[in-house]
Amino acid sequence: MNKVRILVVDDEPGFTRLIKLALPEYEIHEENKPTRAVETARHCHPHVILLDVVMPELDGGDLAAKLRAEPTLARVPIVFLTAIVSPKECPTEQIIGGYPFVAKPVSREALIQTIEKVLAT
């Protein structure tokens, strides 16, 4: 059976690697250069995109708009990941700019729950 493909876009290689190690049940693709994320998404055809909000060169909101402008990526669910708020300040999934977001650091269980929720919609 094919695994669900997830593209993780974050400028911190340590974070994307941690997500890959924490979620072996998914096929995780990592991109640490936000300016290359659209190209990477075109190549890996993700089922879900996990997207950092604050990144150099291109922030998450602008990148989400670029992804939505691509016909083959327009319907791929996007989940924002942010360290702007803490899990204590935001204990449950919230919405920012019309997209669900979870606070970093995120637990494995919370991330899986969010991924499964967006896949079901």
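The values are calculated or read from the model by the stated rules, or taken from the named source; none is laboratory data. Computed from a prediction, not measured in an experiment: that's the story for all the values here. Here Cβ is always computed from backbone atoms with ideal geometry, including for glycine, and neighbour counts include all displayed protein chains. Just the protein is used for accessible areas: all its heavy atoms, side chains included, with ligands, DNA and RNA removed. Shrake-Rupley method; radii C 1.70, N 1.55, O 1.52, S 1.80 Å.
Among (1) farther than 14 Å from residue 115 by Cα; (2) modelled with pLDDT of 90 or more, there is one condition residue 27 misses while meeting the rest; what is its number?
Tallying (1) farther than 14 Å from residue 115 by Cα; (2) modelled with pLDDT of 90 or more, residue 27 fails exactly one: (1).
Matching residues to (1) open to solvent by less than 40 Å² (accessible area, probe 1.4 Å); (2) touching a Gly at 6+ places or on another chain (Cβ under 7 Å); (3) of a type in the set (S, T, N, Q); (4) under 13 Å from residue 79 (Cβ atoms):
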| position | (1), (2), (3), (4) |
| --- | --- |
| 15 | yes, no, no, no |
| 32 | no, no, yes, no |
| 35 | no, no, yes, no |
| 44 | yes, no, no, no |
| 52 | yes, yes, no, yes |
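How about the range 100-112: which of its residues are free of Cβ contacts under 8 Å to residues at least 40 places away in the same chain and surrounded by 15 or more Cβ atoms within 10 Å (Cβ to Cβ)?
Passing the criteria: 100, 102, 103, 106, 110.
How many residues are in contact (Cβ under 8 Å) with a residue 24 or more places away in the chain, over 13 Å from the mean Cα position of the chain (by Cα) and open to solvent by less than 40 Å² (accessible area, probe 1.4 Å) when one looks only at the range 56-75?
So the count comes out to 2.
Which one of the conditions (1) without any contact (Cβ under 8 Å) to a residue 24 or more places away in the chain; (2) open to solvent by less than 80 Å² (accessible area, probe 1.4 Å) does residue 27 fail to meet, given that it meets all the rest?
So residue 27 meets the others, but not (1).
Return the residues of the range 73-93 that are closer than 20 Å to residue 7 by Cα and modelled with pLDDT under 70; say none if nothing qualifies.
93 - this is the single residue of the range 73-93 that is closer than 20 Å to residue 7 by Cα and modelled with pLDDT under 70.
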